[in-house]
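Nothing in this text is a laboratory measurement; each read-out follows from the coordinates by a stated rule. Model, not experiment: these values are computed from the prediction. Methodologically, a virtual Cβ is constructed for each residue, glycine included, from the backbone with ideal geometry; neighbour enumeration extends over all protein chains shown.
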Amino acid sequence: MFRVTREIEFCYGHRLLNYNGKCRHLHGHNGRAVITLEGRELDSAGMLIDFSEMKRRIQGWIDENLDHNLLLCRDDPILETLRKHGERVYVMDANPTAENIARLIYEQTRDAGMPVVEVVLWETEHCHAAYSHRPLAASRE
Ligand SMILES: [Zn+2]
């Protein structure tokens, strides 16, 4: 089994609903997504996937949608005000926690046709959350 990992840095703002810590107020993070793909077969060049292809397909989406953007839950009442003032936002179905941002990037990577097995989202230098979906059969190997 082969694994390849690419790290993508991006800046984002957010705030969390139903939460009493510091992240309940609007603020930003310098985030880092660590995206891991896995597969058995290599292509004719001996690669699972070209790192530059990974960059093009995933970093492009992150740059366009998440980087220097405000990630907010669709239930956040501040959305209406921000939209009224022409602010750019990325609306998530769930609270924009590190866990849910990791899942969002995982789903985008999967939907872009890449064999993703895990996304780790570093929210700060010391804290990260991961989302992975590993079939039980694969974990026995
Ligand atoms: Zn935060």
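Figures for the structure shown
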item: Cα-based Rg of the chain normalised by 2.2 N^0.38 Å, two decimals; result: 1.14
item: For the range 21-60: span of alpha carbons on each principal axis (Å, largest first); result: 50, 19, 11
item: Gaussian network model of the chain, springs between alpha carbon atoms under 10 Å - residue of Leu121, Leu42, Leu70 with greatest fluctuation; result: Leu42
item: Neighbour-count order for Ser52, Ser132, fewest beta carbons within 10 angstrom listed first; result: Ser52, Ser132
item: Highest-fluctuation residue, Tyr19, Tyr90, Tyr131 considered, GNM on the chain with Cα pairs under 10 Å; result: Tyr19
item: Overall Cα dimensions of the range 68-107 - principal axes, largest extent first, Å; result: 31, 20, 13
item: Exposed trypsin sites (Lys or Arg not before Pro) absent: longest stretch of the chain, with sites in DSSP loops and at most 15 other Cβ within 10 Å deemed exposed; result: 89-139
item: For the range 1-129, share of DSSP beta bridges that run antiparallel, in % to the nearest 5; result: 75 percent
item: Residue order, fewest to most beta carbons within 10 Å, for His29, His14, His85, His133; result: His85, His133, His29, His14
item: Charge tally in the Cβ shell below 15 Å around Asp63, where Lys, Arg are +1 and Asp, Glu are -1, Asp63 excluded; result: +2
item: Those GluC sites (Glu not before Pro) in the range 40-100 that DSSP places in a loop and that have at most 10 other beta carbons within 10 Å; result: Glu41
item: Sorted by Cβ density within 10 Å, fewest first, the residues Leu72, Leu37, Leu17; result: Leu17, Leu37, Leu72
item: The range 40-108: Rg to Rh, with Rh as the Kirkwood radius over Cα pairs; result: 1.15
